[in-house]
Structure formats: C-alpha cells, structure tokens
Amino acid sequence: MKNLVKGAILAVGLFAGVQVASAQQKIGHIDADQVFQATAEFKTAQEQLKVLGDAKQKELEGMYAELQKKEKEANDLMLNQSEANKAETQTKLQTIGQEFQQMQTRVQEVQKVAQEDLGKKQQELMAPIQTKLMNAISTVAKEKGYAYIFDIGSGAALYYQGGEDVTEAVKAKLGVK
C-alpha cells in the first residue's frame, strides 16, 4: 500500500512538473519581412534586380517601337491605297502583317524569358538572405531560451523546439488518414 501511495504521489509530481515545464516555455515573435528588408544584402539585391529589370524593359521598349513602326507602315499603305495600286498594296500589307505577327511572337517570347530571368535572379539573390535570417532567428531563439518564434507577418512558426506534435490527433479528429 505504501508503494502504491508513493507511486501515486510520484505520478502526480511528474504530471505537475510536466505542466510547469510546459507553462514556462518561452514564445517570441518577429516581423521577418521587416528584418529581411532592412538587411544590406536585401538592398543590394533590390538594386541588382532593378538594373536587370530596367535592361529587360529597355529591350522590350525597342521591340515595341519596331512593332509600332510596322503598324504605322501598314496604316500608311492602307491610306495611300487606290484602285490602281490595290493588288500591290494588298500584297505588301499581307507581308507586313506576317512580319508583324512574327515580331509579336518574338516580343512575347522575350517577355516570358525576361520574367523567368528576373524570377531566377530574385531566387538566386534572396535565398542566401533568407537562410542567413533563419539562422539568426534560430541562434537568438537558442541563446534566449525560446521554444517558439512566430512570424507576425505570416503567422508561421519560424523556429520551434520541442512541444507536442498534434498533427495525427487533429487528423484523427477530422477522420483524415
């Protein structure tokens, strides 16, 4: 009987200890975007992306100017069309129309490639900054004894240590396997 009482007291003590330990976990928060955008690396990356974007925009503007020239050429031909030169004008208009279509296709391809290039460059420049930020968050969390760090901008947990994973319990409650 004595052992049973000791066991019950020990179980209550352990349960209370776990509750106290859980209650003492420190939780912190951060505005990760604000910190991310305040870094010198982010500002440098933004400048590089702006230069690349401006170059791509200038290339596209040149192509748009060529398209406008073709369109003006076609309009001028149509305005100067007469019964005497109708057949010749129609042939020229057809040729200009085909050239215009080809130019539009090239413009669309260049736009697509420009967007892809900018996306790749952005990923290339931002990924190391993101990694550096996450490492700093983890280091600060460990140094300060935080169990969780939440991003107030996105609501995501950026750092966690320990805690109970309730994923399976929630799945069971929803009947999801």
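Rounded to the nearest angstrom and listed largest first, the equivalent-ellipsoid semi-axes of the chain from its Cα gyration tensor are 69, 22, 10. In this structure, the amide hydrogen of TYR159, modeled 1.01 Å from its nitrogen in the peptide plane, lies closer than 5 angstrom to those of ILE149, counting only residues at least 5 positions away or on a different chain. Counting 0.36 nm for each residue step from ILE27 to ILE96 and taking away their Cα separation leaves a gain of 18.1 nm.
So what is the relative contact order for the chain, in percent, with contacts set as C-alpha pairs under 8 Å and at least six apart?
Values: 99 pairs, mean separation 58.5, N = 177.
Computed value for the chain: 33 percent relative contact order.
Of the cross-linked pairs LYS56/LYS121; LYS70/LYS112; LYS56/LYS120, which ones have a Cα-Cα span greater than 20 Å in the structure shown? Long pairs (Cα-Cα over 20 Å): LYS70/LYS112.
Among LEU133, LEU49, LEU77, the residue with the largest mean-square fluctuation in a Gaussian network model of the chain, with springs joining Cα atoms closer than 10 Å, is LEU77.
Between ALA156 and GLU109, the distance separating the two model label sites (each 7 Å from Cα on the Cα→Cβ line) works out to 3.6 nm.
Multiplying the residue separation of GLU73 and ALA147 by 0.36 nm and removing their Cα-Cα distance gives an extension gain of 19.7 nm. Of the solvent-accessible surface of the chain, computed with a 1.4 Å probe over protein heavy atoms with every protein chain present, carbon and sulfur atoms account for 56 percent. Overall size of the stretch 80-177 from C-alpha positions, given as principal axis extents largest first: 89, 39, 19 Å.
For the chain, the longest principal axis of the alpha carbon atoms and the long axis of helix 86-144 meet at an angle near 20°. Springs join every pair of Cα atoms under 10 Å in this Gaussian network model of the chain, and among GLU73, GLU124, GLU47 the largest mean-square fluctuation is at GLU73. Database remark: amide H of ASP31 closer than 5 angstrom to the amide H of ILE152 (H placed geometrically; neighbours at sequence offset of 5 or more, or on other chains; Pro and chain starts carry no H). Bridgeable aspartates and glutamates around LYS43 (alpha carbons under 15 Å apart, same-chain partners fewer than 8 residues away excluded): ASP33, GLU124.
Residue by residue, the stretch 53-63 carries 3J(HN,Hα) couplings of x, 5, 5, 5, 5, 5, 4, 5, 4, x, 5 Hz when phi is fed to the Karplus relation 6.51 cos²θ - 1.76 cosθ + 1.60 (θ = phi - 60°); x denotes Gly or Pro.
The values are calculated or read from the model by the stated rules, or taken from the named source; none is laboratory data. Every value quoted in this text rests on a predicted model; they were computed, and no experiment measured them. No Cβ is skipped: glycine too gets one built from the backbone with ideal geometry, and neighbour counts run over all protein chains shown. For the accessible areas, the whole protein counts, side chains as well, though only heavy atoms, and no ligand, DNA or RNA atoms are used. Shrake-Rupley method; radii C 1.70, N 1.55, O 1.52, S 1.80 Å.
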